[in-house]
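Chemist: Let me give you the structure first, and then I'll get to my questions.
The values are calculated or read from the model by the stated rules, or taken from the named source; none is laboratory data. Just so you know, these numbers come straight off a predicted model, no measurement behind them. When we count neighbours, we look across all protein chains shown, and the Cβ atoms used for this are built from the backbone with ideal geometry, even at glycine. Surface accessibility is based on the protein's heavy atoms, side chains included, excluding ligands, DNA and RNA. Shrake-Rupley method; radii C 1.70, N 1.55, O 1.52, S 1.80 Å.
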Amino acid sequence: MIPSLSCEQTVRSRQKQWPRGHEKLLETIADNKKPGKYRQMMHTSERLKEAKSILAAQLRQIRNEACLTGQALASEVGWPKSKVSKIENANQVPTEGDIREWCRVCNADDQTVDLIAAVRNIDSMYIQWRRLEQTGLRHVQQSFMALYRATSQLRVFQHAPIPGLLQTPAYAAAHLRCIMEFREIPNDLDQAVEERIALQSVLGDGAKRFAFIFGEQALHARMCEAAAMMAQLERLTAMTYAPNVSLGILPISAPRTVWPWEGFWIYDADQVRCDTLPGQIRNKQPTDVAIYEKAFTALAESAVYGEAARELIATASAGFQET
């Protein structure tokens, strides 16, 4: 028979066993609610540490709710006692098999999918740009094609600049040049632009659906010379008529209910990609993906489409004609 904790012991155990990383997260959330407080961008290592701590806390809570000691869980699964302790203190990331066994013994099979997604998320959560861009940007652009082809519905939100799938060659060249200069990476500009434009072939697949939302400021931000900007805006106008493309622009004056700090790409309902200054984040956890979907829906309600979007584009284009 598996040794178990009494209800009173379980309560005491929960009160004292939450990992320090989880407490720090709660303190950060509370601090961010104070007037004038803004959460700073975490370093990659800090984000990983936070994700591991949250997973460890979830697994500890599941064990406690099953009224099992760590020794009982380890004995039932056939693990060394130290393994449970290492996992619950975020010193060891469990494998997918570990998660399945943990949930099986604790009668928490309904949480298996989300927890496995969390493990996968940690494993592939962060890819530093310096690792991706060691030889330039060409292969980075190439790496997106397989995912684009496998995606039936792509939703993109960016404050600015204009999303890559909608860029003209001249705009793309200016944008990628800025990235190369900022990150001090090898210059393979011509090849990178060629690959970025090649990605746009997926827009011609009528079976796919694309939804883009970006800020009005992207229309006015001078990425390249005036003539090239006007050509870019002309392309956006044409894309508002594409049957499988939804192009929404967030007017500067439009009220909003959500304010994402980062741009994000939602691939079907399977994963979300976010780009930060130090690296790229891929999130496959279903509950997190659902939050981004909710945010995208809210942003879509604030955006304008069709003729209203074309009017904003025309206004921006007129501004470049005067320069």
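Chemist: Where residues in the range 249-281 are touching a helix residue (DSSP H, G or I) at 6+ places or on another chain (Cβ under 8 Å) and within 13 Å of A160 (Cα to Cα), which of them is modelled with the lowest pLDDT?
Modeler: In this case the residue turns out to be P260.
Chemist: I've got another one for you. I'd like the full set of residues that are more than 23 Å from S201 (Cβ to Cβ) and touching a strand residue (DSSP E or B) at 6+ places or on another chain (Cβ under 8 Å), limited to the range 226-263.
Modeler: I249, L250, P251, I252, A254, R256, P260, E262
Chemist: OK, next. Here is a list of conditions, (1) more than 20 Å from V272 (Cα to Cα); (2) at pLDDT 95 or above; (3) assigned to a helix (DSSP H, G or I), and R130 meets all of them except one; can you say which number that is?
Modeler: It is condition (2) that R130 fails.
Chemist: Further, regarding this structure: Under 6 Å by Cβ, and 6 or more places apart or on different chains, what pairs join a residue from the range 204-233 that is touching a residue at least 40 places away in the same chain (Cβ under 8 Å) and of a type in the set (K, R) with one that is assigned to a loop (DSSP other than H, G, I, E, B) and surrounded by fewer than 16 Cβ atoms within 10 Å (Cβ to Cβ)?
Modeler: Between residues of the range 204-233 that are touching a residue at least 40 places away in the same chain (Cβ under 8 Å) and of a type in the set (K, R) and residues that are assigned to a loop (DSSP other than H, G, I, E, B) and surrounded by fewer than 16 Cβ atoms within 10 Å (Cβ to Cβ), the close pairs are K208/S152; R209/N244.
Chemist: Consider T237 against the criteria (1) among the β-branched types (V, I, T); (2) free of Cβ contacts under 8 Å to residues at least 60 places away in the same chain; (3) part of a helix (DSSP H, G or I): it satisfies all of them except one. Which criterion is unmet?
Modeler: (2)
Chemist: Going through the range 215-230 one residue at a time, which ones are open to solvent by 20 Å² or more (accessible area, probe 1.4 Å) and within 24 Å of F144 (Cα to Cα)?
Modeler: M223
Chemist: Which pairs do you get when a residue that is free of Cβ contacts under 8 Å to residues at least 12 places away in the same chain and among the aliphatic types (A, V, I, L, M), found in the range 273-300, comes within reach of a residue that is surrounded by 18 or more Cβ atoms within 10 Å (Cβ to Cβ) and outside any helix (DSSP H, G or I), reach meaning Cβ atoms under 9 angstrom, with the pair 6+ apart or on two chains?
Modeler: I291/V272
Chemist: A further question on this structure: Taking into account only those residues within the range 98-114 that are open to solvent by 40 Å² or more (accessible area, probe 1.4 Å) and outside any loop (DSSP other than H, G, I, E, B), which is nearest to K284 (Cα to Cα)?
Modeler: D114
Chemist: Can you pull out every residue in the range 64-81 that is surrounded by fewer than 18 Cβ atoms within 10 Å (Cβ to Cβ) and under 34 Å from the mean Cα position of the chain (by Cα)?
Modeler: E65
Chemist: Out of (1) among the small types (G, A, S); (2) within 30 Å of A150 (Cβ to Cβ); (3) not in a loop (DSSP other than H, G, I, E, B), the odd one out for A242 is which?
Modeler: Looking at each condition in turn, A242 falls short on (3).
Chemist: Take the residues in the range 231-278 that are among the hydroxyl-bearing types (S, T, Y) and closer than 25 Å to S152 by Cβ; name whichever of them is most open to solvent (accessible area, probe 1.4 Å).
Modeler: Y241
Chemist: Restricting to the range 162-191, give me the number of residues that are under 23 Å from F212 (Cβ atoms), in contact with a helix residue (DSSP H, G or I) (Cβ under 6 Å, 6 or more places away or on another chain) and either aromatic (F, W, Y) or modelled with pLDDT under 95 (or both).
Modeler: Residues flagged as under 23 Å from F212 (Cβ atoms), in contact with a helix residue (DSSP H, G or I) (Cβ under 6 Å, 6 or more places away or on another chain) and either aromatic (F, W, Y) or modelled with pLDDT under 95 (or both) within the range 162-191 amount to 1.
Chemist: Sticking with this one: Among the numbered criteria (1) out of contact with any helix residue (DSSP H, G or I) (no Cβ under 6 Å at 6 or more places or on another chain); (2) open to solvent by 30 Å² or more (accessible area, probe 1.4 Å), which one does R310 miss?
Modeler: (1)
Chemist: Here are some conditions: (1) open to solvent by 40 Å² or more (accessible area, probe 1.4 Å); (2) of a type in the set (A, V, I, L, M); (3) more than 26 Å from F296 (Cβ to Cβ). L137 meets all but one. Which one does it not meet?
Modeler: Every listed condition holds for L137 apart from (1).
Chemist: Going by the conditions given, is E46 modelled with pLDDT of 85 or more and open to solvent by 50 Å² or more (accessible area, probe 1.4 Å)?
Modeler: no
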